[in-house]
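Written below as structure tokens is the structure these notes are about.
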Amino acid sequence: TVNCDHDYGDWEKLDNTVHSKSCSICTDSLWEAHKWNNGTVSKAASCKEEGVMTYACTVCSASKTESIPKTNDHVFGNLTAVDAANHKDTCSVCQKEITEAHSWDNGKVTKPATCKEEGVKTITCTGCEYSKTEKIDKTPNHSYGAWQKIDENTHKRICSVCEKEENGSHSYKTSWSNDRNN
């Protein structure tokens, strides 16, 4: 047996599981399992492709990789109308499409109803800006002007919107009779 004050070199990768170092004087060698770091993502996983995690041995120059499973995280962008009931969105990475019903706002009166014409209410999807309209029934309320005398018994007023005429009888105040009874 040789009595040796070992002079070991640097640790070197032996295979995918261990590294070793040898004495430069004798044939003695040391082995130990790789000591892997926490790893870094060298390729992020997406909804289309697996990713890659790369680990490095903290002792030698060995490295290994593991796959990262595909994600369910899609990159959806802009909703577009499909029809009057639905809109869709497409993932910009894997082209997956989702279709869902429009989500309507409360609507906005875009043309007020009058006594002459129906109005219009515009309702818009909050996701894709698709819009639809609903009619608003004519209002029974008129915009009458001031009363005008027709003759000694009647007067009239005319709606400034639809020109409907309303007639009425004069009603005279009899304040002199109320004064007499006091």
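³J(HN,Hα) across the range 24-32 via Karplus (A = 6.51, B = -1.76, C = 1.60, θ = phi - 60°), whole Hz, x for Gly/Pro?
Once θ is set to phi - 60°, the couplings for the range 24-32 become 7, 9, 10, 9, 5, 9, 10, 10, 7 Hz.
Would you mind checking the range 66-88 for residues with the amide N under 15 Å from a putative spin-label position 7 Å along Cα→C-beta of residue 41?
66-75
Which of the lysines could a cross-linker span from residue 96 if the Cα-Cα distance has to be under 22 Å and same-chain partners fewer than 8 positions apart are dropped?
Correct list for residue 96: 43, 48, 70, 88.
Enumerate the amide H contacts of residue 46 below 5 Å, restricted to partners 5 or more residues apart or on another chain; note that Pro and chain-start residues carry no placed amide H.
Distant-sequence amide H within range of residue 46: 51, 71.
Which whole-number percent gives the relative contact order of the chain, counting Cα pairs below 8 Å spaced six or more residues apart?
After rounding, I find 10 percent.
On a full-extension model of 0.36 nm per residue, what is the gain between residue 24 and residue 75, subtracting their alpha-carbon distance, rounded to one decimal in nm? Working shown, then result.
Numbers: separation 51, 0.36 × 51 = 18.36 nm, distance 5.70 nm.
So the extension gain works out to 12.7 nm.
Excluding same-chain residues fewer than 8 positions from residue 164, which lysines have a Cα within less than 22 Å of its Cα?
Partners found: 111, 116, 138, 149, 156.
So what J values fall out for the range 102-112 if you push phi through Karplus, 6.51 cos²θ - 1.76 cosθ + 1.60 with θ = phi - 60°, rounded to Hz, Gly and Pro as x?
In residue order, the calculated couplings are 4, 10, 8, 7, 6, x, 9, 6, 9, 8, x Hz.
Whenever you get a sec, compute what percent of the accessible area on the range 1-95 sits on carbon and sulfur atoms (1.4 Å probe).
Values: 3070 of 6550 Å².
Of the solvent-accessible surface of the range 1-95, carbon and sulfur hold 47 percent.
Quick one: net charge of residue 136's neighbours, Cβ under 15 Å, K/R +1, D/E -1?
Working: positive: 108, 111, 116, 121, 132, 135, 138; negative: 117, 118, 134, 137.
With Lys, Arg at +1 and Asp, Glu at -1, the net is +3.
Alpha carbons only, please: Rg and Dmax for the chain, in angstrom.
So, for the chain, Rg and Dmax equal 44.2, 149 Å respectively.
May I ask you to list the lysines whose Cα is less than 16 Å away from that of residue 35, ignoring any residue fewer than eight positions away on the same chain?
13, 21, 64
Mean-square fluctuation check for the chain, GNM, Cα pairs under 10 Å: which of 69, 140, 112 is largest?
In this elastic network of the chain, the residue with the biggest mean-square fluctuation among 69, 140, 112 is 140.
The values are calculated or read from the model by the stated rules, or taken from the named source; none is laboratory data. This is a predicted model, so every value here is computed, not measured. Neighbour counts run over all protein chains shown; Cβ positions are idealised from the backbone, glycine included. Note: areas computed on protein heavy atoms with side chains; ligands, DNA, RNA excluded. Shrake-Rupley method; radii C 1.70, N 1.55, O 1.52, S 1.80 Å.
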